[in-house]
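The values are calculated or read from the model by the stated rules, or taken from the named source; none is laboratory data. Owing to the predicted nature of the structure, the values given are computational and were not obtained by experimental measurement. Every residue, glycine among them, receives a Cβ derived from its backbone with ideal geometry; neighbour counts consider all protein chains shown.
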Amino acid sequence: MQYQCILGIDFMKASRLTLDFDQKSLIIPDNLIKQLPKEEKPVDIDLTESKPGDEQQRQLKALFNNFKGLFSDQPGLTHVVYHEIDTGDKGPVVSRPYRYDRVKQGIIDYHIHKMLRDGTICPINSPYASPVVLTRKKNDLPPDSPEAYRFAIDYRKLNGITKYPRYPLPVIDDLLTNIPHTNVMSTLDLRSSYFQLAISLRDIEKTAFITRNGTFAFLRMPFGRDIILKPVIGRFVLVYMDDVIITSPFKDHLDHLTQFNLFTDASGVGIGAVLQQNQKPIAFASRTLNKAERNYTVTERECLAVIWALNKFKTYFGPLPVKVITDHAALTKLTNGKNLSSRMIRWALKLSEFNIEWEHRPGVQNVVADLLSRNPVDSVEGSQISCAALRALAINSREQFIKEQREDPELGHIFIDI
């Protein structure tokens, strides 16, 4: 015990305490032990007092002054590329303007006046005409405020006849995975990014929209800014629609990152894998073996676990070295093996695509992958979570061990049968 104390007869009787003089220990039945959370005194942190020093303020002011044009209320305009609307040989599309109440009509007039002033639109006589749509913003402004609405055009008919290249919309999970180690993370959300790119002169008339006060056309159009940032996208700039994430890494090269360790294991029902760095898990994966895979030899199942795990996690390490840790020693000599089956030969060629270092460890040092292989989870959808809880039992005697086995839901029926 950590502290010296005197235990009375009443306490020892109530807790059914067993004294083991040989081991100089006390044994308390497992079901009488209550676990209480350790109370930690909260630490108050006042971030409002966190201010840059004088030198930092001077540097920030100099930085802002050098780029003060970026903070203008007026959207900028790039000429790196012009937006084109390829409608082929399709004729013009025309729609009637939508009807709005007096308040919303006034809001439309406000936005048109503002865009005319900013040079975003111009009056036009065009065979094309699309209606105006007001969409409510989530900014908690009153419903009669012009800034409570986003001015948009219903271009569904125009989109229906337009030929355009498919833009590969990024997967947010992949963006989060590919964010490098950083000291500083900045976000960039462009002001009215839709209006920062000019439209091709020959296609301006196609953007025409109709209102009660006439027909107007856009001189600027929405487009992805990733063309401008193309050389650095995926390195320290990530783009999703009109939002940009910029990261400042403290490790300049992927080669300096910590070794990846991939633990794999296979059982008669499934395969499991754990990807680690610095002895900390990055990702877990498991799946059930199909009927054919269950007929594989032990070595083939273990190799299947490695192949599947490498393909599952290759977006993490790519060409970087990865240490594959398995409790099946035969796999570590796979490349030197003789009399391999055709399946193992194919897998050996597949493994040559990766930068692998093999390591054999006993099964007791690979318990997580072993657990996953024996409790495979093929998929988790929505808010469903599958997990396994391990609980160490205090077995005090042979009789208690037999009792626990008899009460176990999986082992109990064996005692009944025998």
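Considering only residues in the range 104-153 that are part of a strand (DSSP E or B) and without any contact (Cβ under 8 Å) to a residue 24 or more places away in the chain, the one that is farthest from ALA208 (Cα to Cα) turns out to be ARG136.
Surrounded by 13 or more Cβ atoms within 10 Å (Cβ to Cβ) and without any contact (Cβ under 8 Å) to a residue 12 or more places away in the chain, is that true of LEU340?
Yes; evaluated as a whole, the condition is true for this residue.
Would you check if there is a residue in the range 148-169 being hydroxyl-bearing (Ser, Thr, Tyr), modelled with pLDDT of 85 or more and surrounded by 13 or more Cβ atoms within 10 Å (Cβ to Cβ)? Checking the range 148-169: at least one residue is hydroxyl-bearing (Ser, Thr, Tyr), modelled with pLDDT of 85 or more and surrounded by 13 or more Cβ atoms within 10 Å (Cβ to Cβ). Is it the case, given these coordinates, that SER72 is more than 48 Å from the chain's Cα centre (by Cα), among the polar types (S, T, N, Q) and at pLDDT 60 or above? So SER72 fails the test.
Taking the listed residues LEU351, LEU304, LEU340, LEU390, the one that is modelled with pLDDT under 85 and over 30 Å from ASP20 (Cβ atoms) is LEU340, with no other qualifying.
Identify all residues within the range 188-235 that are assigned to a loop (DSSP other than H, G, I, E, B) and modelled with pLDDT under 50; write none if there are none.
PRO222, PHE223, GLY224, ILE228, LEU229, GLY234, ARG235
Looking at ALA305, ALA309, ALA273, just one residue is assigned to a strand (DSSP E or B) and within 19 Å of PRO376 (Cβ to Cβ), and that residue is ALA273. Residues satisfying the criterion are absent from the range 82-103 (criterion: part of a helix (DSSP H, G or I), at pLDDT 85 or above and hydroxyl-bearing (Ser, Thr, Tyr)).
Within the range 277-299, the set of residues being surrounded by 13 or more Cβ atoms within 10 Å (Cβ to Cβ) and closer than 16 Å to HIS360 by Cα comprises just one member, THR299.
Regarding ILE179, is this residue modelled with pLDDT of 90 or more and of a type outside the set (S, T, N, Q)? Let's see the steps before the verdict.
Numbers: modelled with pLDDT of 90 or more: no; of a type outside the set (S, T, N, Q): yes.
No; evaluated as a whole, the condition is false for this residue.
Residues to consider are VAL324, VAL298; find the one that is among the aliphatic types (A, V, I, L, M), in contact with a His (Cβ under 8 Å, 6 or more places away or on another chain) and under 23 Å from PRO376 (Cα atoms).
Numbers: VAL324 fails: in contact with a His (Cβ under 8 Å, 6 or more places away or on another chain).
None of the others qualify; the one that does is VAL298.
Note on the range 351-368: among residues that are under 27 Å from the mean Cα position of the chain (by Cα) and of a type in the set (Val, Ile, Thr), the one that is farthest from ALA330 (Cα to Cα) is VAL368.
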